[in-house]
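Below: one structure, written as structure tokens.
All of the numbers you see were taken from the coordinates with simple rules; none came from a lab. Predicted model, so just to flag it, every value in this text is computed and none were measured. Note that we place each Cβ from the backbone using ideal geometry, even for glycine, and neighbour counts take in every protein chain shown.
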Amino acid sequence: MSIATRTGDDGETGLMFNRRVPKDHPRVEAYGTVDELNAALGLARAHSRNAFFHDTLVAVQRDLVALMGELACLPSDTERYRCSGYATLPLEAVEKLDRLIVVFEKEHNLTYKGWATPGGTLAGAAFDLARTVCRRAERRVVALERAHSDPMPVAIKIYLNRLADLLWLCARYAEMQT
């Protein structure tokens, strides 16, 4: 099957279970921004030579694929999504991010000290870019929930919020590695 399906030529795109919505639908904006975040994390991973970052980011990127799947599913299809065996983002994924934040703050003596100026290193800049895309994804998810009264799985909003915090710490740590 070709990547060029031509099914989006009319300005609509497909969600899970063959549902169609306009390409500017808030749901598409939400999962599309998470997709951008996934790409930005790939860039951060490519610029970092740290094995911890590599392993952590690959795990996060896998979490984001599950998150995007949930976002690409209309609320009326949520049960069908779960019964079909698709991955969902568990609250345990948030707990893992919480543990990583503790590691960075305690073991690397990193704390919040106000605004940072991105660009100290390529890896640090890539983490800061990913952080800002993550915050935008978080805003898009909240906007989707508010505009359409779509209740989001609780883990999604918390995960994105916590991930942005972790990425801020990753950027500061990457800048220290010069």
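For the chain, the longest principal axis of the Cα atoms and the long axis of helix 51-71 meet at an angle of about 20 degrees.
Quick one: putting +1 on the C-beta of Lys and Arg, -1 on the C-beta of Asp and Glu, what dipole do you get for the stretch 94-170 around its Cα centre, in Debye to the nearest 20?
Details: 12 positive and 9 negative charges, 34 e Å.
In debye, rounded to 20, the stretch 94-170 gives about 160.
This model, with +1 at the C-beta of Lys and Arg and -1 at the C-beta of Asp and Glu, gives the chain a dipole about its Cα centre of some 180 debye.
A cut-off of 5 Å between modelled amide H atoms, ignoring neighbours fewer than 5 places along the same chain, links GLU12 with LYS23.
So what is the orientation-averaged projected area of the stretch 19-176, using the convex hull of its C-alpha atoms, in nm²? Before the final figure, lay out each step's value.
Values: hull surface 38.2 nm².
With every direction weighted equally, the projected area is 9.6 nm².
Note on the chain: helix-only mean residue ellipticity at 222 nm, from DSSP H runs of 4+ residues weighted -39500 (n - 2.57) and normalised by residue number, equals -22500 deg cm²/dmol.
Under a Gaussian network description of the chain, with springs only between Cα atoms under 10 Å, the residue in ASP35, ASP165, ASP24 that fluctuates furthest is ASP24.
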